[in-house]
Amino acid sequence: WTPCSEDDLLSYCYQVAGAVGVMMAHVMGVDPAESDTLDRASDLGIAFQLANIARDIVDDAKVGRSYIPTAWTGGGLDPLDPAQRDRLVAIAQRLADLAHRYRASSKVGARRLPFRSRWAVLSAAAIYGEVATRAVELGPRAWDKRISISKAEKFMLVAGAFAESLLPARKVSRAGLWTRPERRAAP
């Protein structure tokens, strides 16, 4: 399966990671009636999956998978062709930009969690955000070896998330973001 459109991609990201974000929000004590908070938990899962896709474009292609919407490529992209690496960089940038929008939205919901949960969520968001950022920064070399974040870098990101968890969240609208299916059906 390969997504045809961005909507297909976001639906897939919800199914494999956004739904997990909603489940984890319930585990962390979010009331099922708090739809906006659950939407933002879904947003974080979607952001995580978009970062994974950006990081794994070539590895996925090696095993016959592609999560890049054909509408973005016209169906004519071969991630294994080194001559097409510049096109992959543009795709990674698009995925990272999307991931950033969903991650920014998720931080509003994270602010509604108890401190320890908020810190954990913001730490994970920072680490996955760094993965997407690196995929873009490395340019054509992004897929030469698997992107990883060192323990020291993770420590710094977790420390930054600690500080962020003490501050009020910025107001970020969800306007224009994909919405989980159970919310689409709501009146």
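Tabulated data
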{"read-out": "Lone qualifier among T37, T2 - being assigned to a helix (DSSP H, G or I) and hydroxyl-bearing (S, T, Y)", "value": "T37"}
{"read-out": "Close pairs (7 angstrom Cβ cut-off, 6 or more residues apart or separate chains): in contact (Cβ under 8 Å) with a residue 24 or more places away in the chain in the stretch 118-143, of a type in the set (S, T, Y) anywhere", "value": "R118/S165; W119/S165; L122/S165; A125/S106"}
{"read-out": "Counted residues, the stretch 151-187 - those being surrounded by 14 or more Cβ atoms within 10 Å (Cβ to Cβ) and not in a helix (DSSP H, G or I)", "value": "7"}
{"read-out": "Cβ pairs under 8 Å, 6+ apart, first in the stretch 153-175 and within 17 Å of D43 (Cβ to Cβ), second of a type in the set (D, E, K, R) and open to solvent by 50 Å² or more (accessible area, probe 1.4 Å)", "value": "E164/K107; A169/K107; A169/R111; R170/K107; V172/K107; R174/D36"}
{"read-out": "Residue in the stretch 59-74 that is open to solvent by 20 Å² or more (accessible area, probe 1.4 Å), assigned to a helix (DSSP H, G or I) and more than 21 Å from L138 (Cβ to Cβ) present", "value": "yes"}
{"read-out": "Qualifying residue in the stretch 141-150 (condition: open to solvent by less than 40 Å² (accessible area, probe 1.4 Å) and in contact with a Ser or Thr (Cβ under 6 Å, 6 or more places away or on another chain))", "value": "no"}
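The values are calculated or read from the model by the stated rules, or taken from the named source; none is laboratory data. Keep in mind it's a predicted model, so treat the numbers as computed, not measured. For neighbour counting, all protein chains shown are included, and Cβ atoms are generated from backbone atoms with ideal geometry for every residue, glycine included. Quick note on the areas: whole protein, heavy atoms, side chains included, nothing else; ligands and nucleic acids left out. Shrake-Rupley method; radii C 1.70, N 1.55, O 1.52, S 1.80 Å.
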